[in-house]
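For reference, the structure discussed in these notes is given below.
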Amino acid sequence: MNRSIRFTLIVLVALSVLAGFAMQHPVKAAAKLKVAVVTDVGKIDDGSFNQSAWEGAQKGAAAIGSDKPDYIETENTADYANNIALFADKGYDIIVTVGFGMGDATIAAAGKYPKIKFIGVDQFQGKDVANVTGLIFHEDVSGFLAGVLAARLTKSGIVAGVYGTDQVPPVVRFKEGFENGVKYVAKDKVKVISTYYPGGLDKAFTDPVWGAQTADQALTQGADVVFAAGGQTGNGGLIKVAEKTTTDKPLYCIGVDTDQWLTVPQAHPCLVSSAVKLIVDGLTDLIKSASDGSIKGGNFFGKAGLAPFHDFEKVVPADVVKEISDIKAMLDGGQLNTDGTVPTPAATMAATASK
């Protein structure tokens, strides 16, 4: 037997042995990461903040090849820690907690479960915790743009805001941004009626009846544009404005957090736009980062702005569209503050460098 034939036979035998070994000892596939979501007292189908977080979690899980996330809708604020622990104790790898109110419970859980990656939506991280990342937004920017839009649309010279509790900083930023946007373009020519939910976190975002009553009260006071920033509570306000608008006397409403044209169809008769936080995109990116190990503790700023005008494209004049675009560019570039003031050149450079 010549050398080449002998070598070929040796190779074939070796390959057969390796194949048999592989069949007896198959290589284990990498385990899929498990993703879970714990909401505050809102629901994952609220058509607003929580729904966006849930959609972002699903999109992020799909992007990393994980199964559809599991979720718990918190019913009582006292259950935050227990609800997080239900997933942590079952070995979930990425836990998304939704809402400012869950911040302390998230930090506490991260200390107890250091191997789990926590993403806190709307939770500013003031503490250096390596396995917690806060997904936060410049709500004052999107609120400011909503205020500009409202000031340009009003015929009565009165606009209104219906808000969740002032115990939640993002809600406060929406309100203040909206008021400052109105003032920036209308000076004192447009009056703003602003109303916070009078109760606490447990019901502030789940009371559409109060939202509807408050919006209706603003309409009776002459408002013809209503900005509603309060989850299901705000949705009640949007729907009430939609019920009251007529062809002869059109009323307008502006949604919040997500493009509510897609989530609250009952508001279509009045819904000109929404002050959006791109929660879906931001959360998707963070889940991918958690999967590949590049995620960092601290704060991650998602994008904010205005949603499309949809059926109201012809209602919003072209010069207003350009004005809003120009103002957005100034806000993003640091040439304009959301309190309506113009920063110094040094402050502008610092703001641009930080983005």
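Brief remarks on what is shown
- For the range 87-119, a residue qualifies if it is in contact with a Leu (Cβ under 6 Å, 6 or more places away or on another chain) and more than 26 Å from D202 (Cα to Cα), and exactly one does: D93.
- Taking the conditions (1) modelled with pLDDT of 95 or more; (2) surrounded by 15 or more Cβ atoms within 10 Å (Cβ to Cβ); (3) in a helix (DSSP H, G or I) in turn, S325 satisfies each one other than (2).
The values are calculated or read from the model by the stated rules, or taken from the named source; none is laboratory data. These figures come from a predicted structure and were not determined experimentally. Ideal geometry is used to build each Cβ from the backbone, glycine not excepted, and the neighbour counts take in all protein chains shown.
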